[in-house]
Amino acid sequence: MGYFRFLLAHPRFLSFGFGLNVFVALGQTFYVSLYNGEIRTALSLSHGELAALYGTATILGSVLLLATGRLLDRVDLRWFAAATTVFVAIGCWLFSVTTTVLGLFAAIFAVRFAAQGLWGVCAQVSMARYFDEDRGKAAAVSGTGYALGYAIFPLIGAWLLTSFGWRDAWSLSGWFVLLIILPLLMFQLWGHGHRHREYESKLAMNATASVRDSVRQWTLSDVLTDPRFWLIQPCIVVVPCVVFSIQFHQLFIVETKAWDLTAFAGSYSLYALVSLIATLTCGTLIDRYKSHRLIRFCVLPLIPALIALSFFDSPITIPVVMALTGLTFGLSLVVYVTIWAELYGTKHMGAIRSFNIFFNVTVASGAMVLTGWLIDQGATITEMSSGGIIFAVLSLVCLEVANRLPKRRLQAAA
């Protein structure tokens with residue numbers, strides 16, 4: 001089934017995953033960091049102090065996600081999405097009124113935990129769980145929302161910042177979440193109860209099938225004992241570590257290389273376009289070749305991107321870095337969602353995906369804190385980029401080891 005027919009068959013539910021991934025931008029590093037300069041000035045924070053605050057709040061949110069994300073395996077998706085959306089609005093309002101470091105910590109925690117964390121889990125788990133044969137296409141259609149978010153939210157954020165100031169920008173965002181996004185999500189999930197009942201019936205049929213024909217549904221504890229899971233992790237975490245560190249410290253990079261901030265922010269449109277193309281292409285390829293064969297291609301573009309960032313100061317470097325990081329991010333949007341469903345089934349997808357997000361966010365936040373500290377210590381972009389290249393290469397080595405494990409283990413997990 002092509003994308004057009006697929007969209008016609010499931011317009012509302014696919015728009016739910018797509019829309020959530022657009023709005024996830026409210027909690028993404030590339031958007032929140034647009035306000036870093038004003039926030040550091042208002043609260044007298046250094047690059048390293050703000051990075052540490054941001055990283056700690058993000059890690060705390062990811063820890064809480066371990067408990068709340070698995071509720072998706074038990075609670076109606078409609079209630080989960082509604083409660084999450086209200087929490088996002090609260091986080092936006094906290095940003096608008098904070099005058100202390102503690103208040104800023106609470107605001108960052110709320111927005112990162114609810115928007116980037118819970119909204120993301122809602123979109124990813126719902127697309128992977130309720131689509132089987134077309135799981136790659138569903139993840140791709142949903143993932144294109146990220147591309148749109150990257151394309152428009154930096155421009156929206158810059159406009160809000162210059163027109164209203166950072167506090168009013170976050171206040172208006174909170175009202176938009178509550179009055180526009182919440183009703184939209186409830187409309188998109190209208191009739192979801194019937195879809196979930198069909199899914200439960202399919203699980204029941206699978207449970208009564210022969211051992212040979214059935215799909216094993218791994219619990220989180222089963223997954224954590226599988227060495228393949230841990231060997232794949234470096235390829236999973238290297239992408240957010242590198243991409244989000246670049247985005248979080250974008251002002252430092254722009255200032256160091258004497259680039260124009262407007263040109264850098266505008267280049268997110270190229271990032272979004274490349275990400276969009278990569279996502280849609282990857283969705284079709286996954287349905288044909290499966291995720292474990294494609295995961296290495298998520299990492300490879302990071303290496304030339306970091307080389308370009310290390311050794312070139314010309315403004316032409318901006319679109320090169322944006323295109324390459326957009327490529328790696330677009331591919332990962334699909335592969336990182338579907339690979340766990342392929343290997344471990346969908347029944348416990350909420351718990352498995354939540355743990356994976358917790359692990360990814362913890363490591364990526366640590367990387368952002370580390371780079372912030374290194375900036376305060378006088379480290380150069382070249383030195384930090386070299387560390388990223390080494391990380392990428394080592395992750396590919398771990399993946400090769402995972403692929404060389406006995407095929408019997410793969411079959412047991414598939």
Quiz item: Being under 25 Å from the mean Cα position of the chain (by Cα), surrounded by 20 or more Cβ atoms within 10 Å (Cβ to Cβ) and part of a helix (DSSP H, G or I), is that true of even one residue in segment 182-201?
Solution: yes
Quiz prompt | Residues of segment 132-148 satisfying the condition of being buried (at least 24 other Cβ atoms within 10 Å of the Cβ) and more than 15 Å from the chain's Cα centre (by Cα) | solution = GLY136, LYS137, ALA138
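Restricting attention to segment 302-319, report how many residues are farther than 20 Å from VAL393 by Cα, among the aliphatic types (A, V, I, L, M) and assigned to a helix (DSSP H, G or I).
1
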Practice problem: Quick one: LEU160 ticks every box in (1) in contact (Cβ under 8 Å) with a residue 24 or more places away in the chain; (2) touching an Asp or Glu at 6+ places or on another chain (Cβ under 9 Å) except a single one, so which number is it? | Solution: (1)
Quiz prompt | Single residue of segment 276-299 satisfying the filter (modelled with pLDDT of 85 or more and in contact with a Phe, Trp or Tyr (Cβ under 9 Å, 6 or more places away or on another chain)) that is farthest from LEU327 (Cα to Cα) | solution = ILE295
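Is it true that ALA272 is at pLDDT below 90, surrounded by 18 or more Cβ atoms within 10 Å (Cβ to Cβ) and within 27 Å of PHE18 (Cβ to Cβ)?
Working: at pLDDT below 90: yes; surrounded by 18 or more Cβ atoms within 10 Å (Cβ to Cβ): yes; within 27 Å of PHE18 (Cβ to Cβ): yes.
Spelling it out, ALA272 is indeed at pLDDT below 90, surrounded by 18 or more Cβ atoms within 10 Å (Cβ to Cβ) and within 27 Å of PHE18 (Cβ to Cβ).
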Quiz item: Could we say that LEU405 is on the phi < 0 side of the Ramachandran plot, surrounded by fewer than 18 Cβ atoms within 10 Å (Cβ to Cβ) and not in a helix (DSSP H, G or I) here?
Solution: yes
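Tally time: how many residues in segment 20-53 are surrounded by 20 or more Cβ atoms within 10 Å (Cβ to Cβ), in a helix (DSSP H, G or I) and out of contact with any Ser or Thr (no Cβ under 8 Å at 6 or more places or on another chain)? Steps first, answer last, please.
Looking only at segment 20-53, we keep the residues that are surrounded by 20 or more Cβ atoms within 10 Å (Cβ to Cβ), and these are 20-34, 36, 39, 50-51, 53.
Subset that is in a helix (DSSP H, G or I): 20-27, 29-34, 36, 39, 50-51, 53.
Keeping just the survivors that are out of contact with any Ser or Thr (no Cβ under 8 Å at 6 or more places or on another chain) gives 22-25, 27, 29-34, 36, 39, 50, 53.
The number of residues fulfilling the criteria is 15.
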Practice problem: List every residue pair whose Cβ atoms lie under 6 Å apart, where the two residues are 6 or more positions apart in sequence or sit on different chains, the first residue falls within segment 50-74 and is at negative phi and modelled with pLDDT of 80 or more, and the second residue, located anywhere, is assigned to a helix (DSSP H, G or I) and charged (D, E, K, R). | Solution: LEU50/ARG40; THR58/ARG112; GLY61/ARG112
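In the list GLY103, GLY143, which residue meets the criterion of being closer than 25 Å to ILE59 by Cβ and touching a Leu at 6+ places or on another chain (Cβ under 6 Å)?
Details: GLY103 fails: touching a Leu at 6+ places or on another chain (Cβ under 6 Å).
Of the residues listed, the single one that is closer than 25 Å to ILE59 by Cβ and touching a Leu at 6+ places or on another chain (Cβ under 6 Å) is GLY143.
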Practice problem: Give VAL321, VAL335 a once-over and let me know the one that is touching a residue at least 40 places away in the same chain (Cβ under 8 Å), aliphatic (A, V, I, L, M), under 15 Å from PRO234 (Cα atoms) and crowded, with 18+ Cβ neighbours inside 10 Å. | Solution: VAL335
Quiz item: For segment 338-377, how many residues are without any contact (Cβ under 8 Å) to a residue 24 or more places away in the chain and not in a helix (DSSP H, G or I)?
Solution: 1
Exercise. Run LEU370 past the list (1) touching a helix residue (DSSP H, G or I) at 6+ places or on another chain (Cβ under 7 Å); (2) closer than 15 Å to GLY48 by Cα; (3) hydrophobic (A, V, I, L, M, F, W, C) and report the number of the one that doesn't hold.
Key: (1)
Quiz item: Here is a list of conditions, (1) surrounded by fewer than 19 Cβ atoms within 10 Å (Cβ to Cβ); (2) modelled with pLDDT under 85; (3) closer than 27 Å to GLN250 by Cβ, and PHE105 meets all of them except one; can you say which number that is?
Solution: (2)
Self-check item: Selected residue [in a helix (DSSP H, G or I), of a type outside the set (A, V, I, L, M) and modelled with pLDDT of 90 or more] from SER171, SER126
Solution: SER171
Exercise. With the checklist (1) at pLDDT 85 or above; (2) within 24 Å of PHE329 (Cβ to Cβ); (3) not hydroxyl-bearing (Ser, Thr, Tyr) in hand, flag the one item ALA82 doesn't pass.
Key: (2)
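Please work out if LEU251 is under 26 Å from ILE390 (Cα atoms), outside any loop (DSSP other than H, G, I, E, B), touching a Gly at 6+ places or on another chain (Cβ under 7 Å) and in contact (Cβ under 8 Å) with a residue 40 or more places away in the chain. Walk me through how you get there before you give the answer.
Working: under 26 Å from ILE390 (Cα atoms): yes; outside any loop (DSSP other than H, G, I, E, B): yes; touching a Gly at 6+ places or on another chain (Cβ under 7 Å): yes; in contact (Cβ under 8 Å) with a residue 40 or more places away in the chain: yes.
Taking the combined requirement at face value, the residue satisfies it.
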Exercise. Considering only residues that are touching a Pro at 6+ places or on another chain (Cβ under 6 Å) and assigned to a helix (DSSP H, G or I), look in segment 254-269 and name the one that is surrounded by the most Cβ atoms within 10 Å (Cβ to Cβ).
Key: TYR268
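Being assigned to a loop (DSSP other than H, G, I, E, B) and not hydrophobic (A, V, I, L, M, F, W, C) is the filter here; which residues of segment 1-19 pass it? Spell out how you get there, then give the answer.
So in segment 1-19, the residues assigned to a loop (DSSP other than H, G, I, E, B) come out as 1-2, 10.
Across segment 1-19, the qualifying residues are GLY2, HIS10.
The values are calculated or read from the model by the stated rules, or taken from the named source; none is laboratory data. If you're wondering where the values come from, they're calculated on a predicted model, not measured in any experiment. All Cβ positions, glycine included, derive from the backbone under ideal geometry; neighbour counts span all protein chains shown.
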